[in-house]
Amino acid sequence: MHQPTQPDTAARRAGGAPFSQTDFGRHKIRREAVARAVFLAMTLLMVAPLVAIVTHLVVEAWPALSLEFLLDVPRERMTAGGIWPAFVGTIYLVVISLAVAAPIGVLAAVYLNEYAKDSWFNRVINLAVINLAGVPSIVHALFGLGAFVYAARFGFSVIAASLTLAIMTLPVIIASTREALSAVPMSFREACWNVGATRWQTIRGVVLPNSTSGILTGIILQVSRAAGETAPVMFTGAVLYKAVERGSLLPYYLDDQCMALSMHLYVLTTQVPNLAQSIPYATAVVLLGSVLIVNAGAIGLRVWLRNRKRW
Amino acid sequence: MTTPAAPTAKIEVEGLRLSYGHREALHGISFHVKANEILGVIGPAQSGKTSLLRCLNRTIDFVAGAHVSGAIRVDGVDVRRMRDVFDLRRRIGMVAPLPVGLPMSIYDNVAFAPRCAGLTAKSDLDAIVERCLRQAALWDEVKDRIGSLGTKLSGGQQQRLTIARALSHQPEILCLDEFSIAIDPVTTMRIEDVLKELKREVTIILVTNLTQQARRLADRTMFLMAGDLVEIGPNEVVFSDRPAQRKTFDYISGLFG
C-alpha cells in the first residue's frame, strides 16, 4: 500500500548523511526558535507592568513609610498620622467574610462535585454559581445594601459589609473548590466504592485529604479580592473616619461602622485637599503588601502540600 | 438461552439487559454461578464482561445514563432490591483491570474497607492486613515498609495490593477483571494457586482475556460476545474440540478475536 513519505524521511533516504539538514529541517528548527522567543517575550511583557507598579508605588511612598504610619491613627484631617483603623478594619472584613464564605463554599462544592447527579435542578444551580461569579462588585454592593443593611436591619456595620463580601467571594470559592476536587482521579473513588465505602467515607478518606492544597489556595486567593474591593464595603459599612485608639487590636464591634484600606485610599485621593502625595501611596503599599504576603503564604502552603502529594 | 438455576446457585442472572443511553451493552443474558466454583468469563473487547461485573456490585449506579433491567440475585435476593448497597459491595470483592493504589499507606489501603465497616481494634486490623497481603502474594515484598505509600509501589505490586484490598472485607464472591495484565507470569501463577485455595470459601468470577487462564482455573466458562451470551458450560465442553457453538471454538483456537 502506498504511504505518503514524510519530508524528513525522504531527505534521509535520498542519501544524505544521517543527520544532514534538509530545507524542511532548517525551517522546522527556525520556527521552533521563533515560537519560543514569542512566548518568552509575552511572559516578560506580563511581568513588566507588575514590576513597574510596585517600584513606582514604593518610590512614591518611601517618605511616609514607617511602622508608625501603620500603627498610628489619621491626624489633622488625614494629612498626618497613620492608617491603623483602616488596616484593622480591612483585616476584620476579610477574616469575617471568609469565615462565613469558606465553609459554606467548600461544603456546597463537595455536594455539587461528589453527590449531585446530572439533573435539571443541579444544572440550574451550576449555572447560577457560574453567573454569580461574574456579577460586578457594585451590584453585590447594592444587594448587600438592600439585604443586610436594610432588610436584615444590620445597619451600616462590619457585619453587613463582611456578609456582602462573603456573598461576593462565595461563587469563586465554590468554583475553585470544585476544580480541586475534580483533580482527584475518579479511579480512587471507584476503588473505594468497590469495597463498600459510602460516598462520605470516600470523601473523608480519599477525596478531601488529597484536595486540601487546592481548596486552601482557592480560598486564600479570595483574600486579595475581599481586601481590595471598595464598592461593597462603601455601600454597607465602611466610613470616612472612625475614631479608634492607636494600635488597638479590637477597635470594632460587629455592629460598628469601620474604616477599610480600600475605602481609605479612595477618600485620600479624592476628598482630602493639601495632602502629601506620599500618604496615599504608602496606604496603597500597605494594602498591596499585605495581600502579597498572604498570597506568598498561600504559594508556600501549596508547595509544602504538593511535596506531600501522594500519587 | 436460559439455564435453569441449580439449587446451590450463589448468583442467578435472569434476562439482564444494560444500556448506556441508546447503546445496549448487554442484550438480556441469563446464567447462574454455583457456590464455590470458579466461573471463567471470556470474550473479545466490548463484549460486556466488565459491564456485567458493574451490574453485579451495582457500581453501575454511578454511571450516568446507564439503564439496567432483568434480575441479578445473590443468595436469592435481587441486588437491585437491596437497601444496603454498601453491604452488597462488601460481600463482593472486586479487582479492577487497572491497578489502583489508594493515596495512603499500604497498611491503610488494606485496612480501609474493614474500617469503613466499623472495625477499629488495632490487633484485628493487623491480622487482616497480614492475611490479605499474604493471600495476594505481596506480604514478603512489603512487610518491612507497610507504612509507605501504596501509590509508590510498582504496577504489578499495586495490582496485588488491589487484590489484597478486595479480600480485606471478607467477600463471599470475588470478581477478578483481568487481574493479571500488570503482573509477571511467576506471580500470576502464585495468585492462581491462592485462588484455587480460596475456592473453598468464596465463589469466584474470573474475567480474563487469556483463554488459557480460564482453562487452567475455571470449573465452568462463559463466552460473551458483543453483549450476547454465546455459550456457558463446563470447561471440558467449552475447551473441547466440539463446544456447543462453533464461534466458541473459533475464538478459543484463535481464529478470530
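I'm trying to understand the selection: among the residues of the stretch A:91-121, which are within 14 Å of another protein chain (Cβ to nearest Cβ) and either surrounded by 15 or more Cβ atoms within 10 Å (Cβ to Cβ) or not acidic (Asp, Glu) (or both)?
Within the stretch A:91-121, A:Asn113, A:Glu114, A:Tyr115, A:Ala116, A:Lys117, A:Ser119, A:Trp120 meet the criteria.
Going through B:Glu24, B:Glu12 one at a time, which residue ends up being part of a strand (DSSP E or B) and within 30 Å of B:Ala117 (Cα to Cα)?
The unique qualifying residue is B:Glu12.
Would you check if there is a residue in the stretch B:72-90 being without any contact (Cβ under 8 Å) to a residue 40 or more places away in the chain, loosely packed, with under 15 Cβ neighbours inside 10 Å, in contact with a strand residue (DSSP E or B) (Cβ under 7 Å, 6 or more places away or on another chain) and more than 14 Å from chain A (Cβ to nearest Cβ)?
Checked the stretch B:72-90: at least one residue is without any contact (Cβ under 8 Å) to a residue 40 or more places away in the chain, loosely packed, with under 15 Cβ neighbours inside 10 Å, in contact with a strand residue (DSSP E or B) (Cβ under 7 Å, 6 or more places away or on another chain) and more than 14 Å from chain A (Cβ to nearest Cβ).
Quick grid of which residues meet (1) closer than 30 Å to B:Gln212 by Cα; (2) within 11 Å of another protein chain (Cβ to nearest Cβ):
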site: B:Gly101; (1), (2): yes, yes
site: B:Met104; (1), (2): no, yes
site: B:Arg131; (1), (2): yes, no
site: B:Arg160; (1), (2): yes, no
site: B:Asp177; (1), (2): yes, yes
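Go through (1) surrounded by fewer than 19 Cβ atoms within 10 Å (Cβ to Cβ); (2) of a type in the set (A, V, I, L, M, F, W, C); (3) touching a helix residue (DSSP H, G or I) at 6+ places or on another chain (Cβ under 9 Å) and name the single condition B:Ala96 misses.
Of (1) surrounded by fewer than 19 Cβ atoms within 10 Å (Cβ to Cβ); (2) of a type in the set (A, V, I, L, M, F, W, C); (3) touching a helix residue (DSSP H, G or I) at 6+ places or on another chain (Cβ under 9 Å), only one is false for B:Ala96: (1).
Filter the stretch B:235-257 for residues that are surrounded by fewer than 16 Cβ atoms within 10 Å (Cβ to Cβ) and in contact with a Ser or Thr (Cβ under 8 Å, 6 or more places away or on another chain) and give the result.
Listed by number, the list is empty, since nothing qualifies.
Return yes or no: is A:Leu265 farther than 30 Å from B:Pro114 by Cβ, touching a residue at least 12 places away in the same chain (Cβ under 8 Å) and surrounded by fewer than 19 Cβ atoms within 10 Å (Cβ to Cβ)?
no
The rows are residues; the columns are (1) within 14 Å of chain B (Cβ to nearest Cβ); (2) buried (at least 24 other Cβ atoms within 10 Å of the Cβ); (3) under 26 Å from the mean Cα position of the chain (by Cα); (4) not in a helix (DSSP H, G or I).
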| residue | (1), (2), (3), (4) |
| --- | --- |
| A:Thr169 | no, yes, yes, no |
| A:Ile173 | no, yes, yes, no |
| A:Arg178 | no, yes, yes, no |
| A:Val184 | yes, no, yes, yes |
| A:Trp193 | yes, no, no, no |
| A:Gly196 | yes, yes, no, yes |
| A:Leu221 | no, no, yes, no |
| A:Arg225 | no, no, yes, no |
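Answer yes or no as to whether A:Asn210 is within 14 Å of another protein chain (Cβ to nearest Cβ) and either touching a strand residue (DSSP E or B) at 6+ places or on another chain (Cβ under 6 Å) or at pLDDT 85 or above (or both).
yes
Do we find a residue being surrounded by 20 or more Cβ atoms within 10 Å (Cβ to Cβ), over 20 Å from A:Gly196 (Cα atoms) and within 15 Å of the chain's Cα centre (by Cα) anywhere in the stretch B:147-168?
No - not one qualifying residue is present in the stretch B:147-168.
Here's a check for you: in the stretch B:12-46, which residue that is under 22 Å from B:Arg216 (Cα atoms) and crowded, with 22+ Cβ neighbours inside 10 Å is modelled with the lowest pLDDT?
Our first condition is that a residue be under 22 Å from B:Arg216 (Cα atoms); within the stretch B:12-46, this holds for B:31-45.
Within this subset, residues satisfying the condition of being crowded, with 22+ Cβ neighbours inside 10 Å are B:31, B:33, B:38-43.
Details: B:Phe31: 93, B:Val33: 93, B:Ile38: 93, B:Leu39: 94, B:Gly40: 94, B:Val41: 93, B:Ile42: 92, B:Gly43: 89.
Restricting to residues being under 22 Å from B:Arg216 (Cα atoms) and crowded, with 22+ Cβ neighbours inside 10 Å, the top hit is B:Gly43.
Taking the options B:Ser123, B:Ser69, B:Ser154, B:Ser105, name whichever one is more than 25 Å from B:Lys196 (Cα to Cα) and either touching a Lys or Arg at 6+ places or on another chain (Cβ under 6 Å) or among the aliphatic types (A, V, I, L, M) (or both).
Residue meeting the stated conditions: B:Ser69.
Looking at (1) outside any helix (DSSP H, G or I); (2) surrounded by fewer than 20 Cβ atoms within 10 Å (Cβ to Cβ); (3) more than 14 Å from chain B (Cβ to nearest Cβ), which one does A:Ile130 not meet, given that it meets all the others?
Going through (1) outside any helix (DSSP H, G or I); (2) surrounded by fewer than 20 Cβ atoms within 10 Å (Cβ to Cβ); (3) more than 14 Å from chain B (Cβ to nearest Cβ) one by one, A:Ile130 breaks only (1).
So A:Pro209 passes all but one of these: (1) closer than 30 Å to B:Leu174 by Cβ; (2) crowded, with 21+ Cβ neighbours inside 10 Å. Which condition number does it fail?
Only one criterion in (1) closer than 30 Å to B:Leu174 by Cβ; (2) crowded, with 21+ Cβ neighbours inside 10 Å is unmet by A:Pro209, namely (2).
Of the conditions (1) touching a His at 6+ places or on another chain (Cβ under 7 Å); (2) surrounded by fewer than 21 Cβ atoms within 10 Å (Cβ to Cβ), A:Pro232 clears all except one; give me its number.
Result: A:Pro232 fails condition (2) only.
Across the stretch A:269-283, which residue is farthest from the chain's Cα centre (by Cα) among those that are part of a helix (DSSP H, G or I) and free of Cβ contacts under 8 Å to residues at least 12 places away in the same chain?
A:Thr270
Condition first: more than 9 Å from every other protein chain (Cβ to nearest Cβ) and aromatic (Phe, Trp, Tyr). Now tell me which residues in the stretch B:106-128 satisfy that.
B:Tyr107
The values are calculated or read from the model by the stated rules, or taken from the named source; none is laboratory data. Note that the structure is a prediction, hence the values are computed from the model and not measured. Using ideal geometry, Cβ is built from the backbone for each residue, glycine included, and neighbour counts are taken over all protein chains shown.
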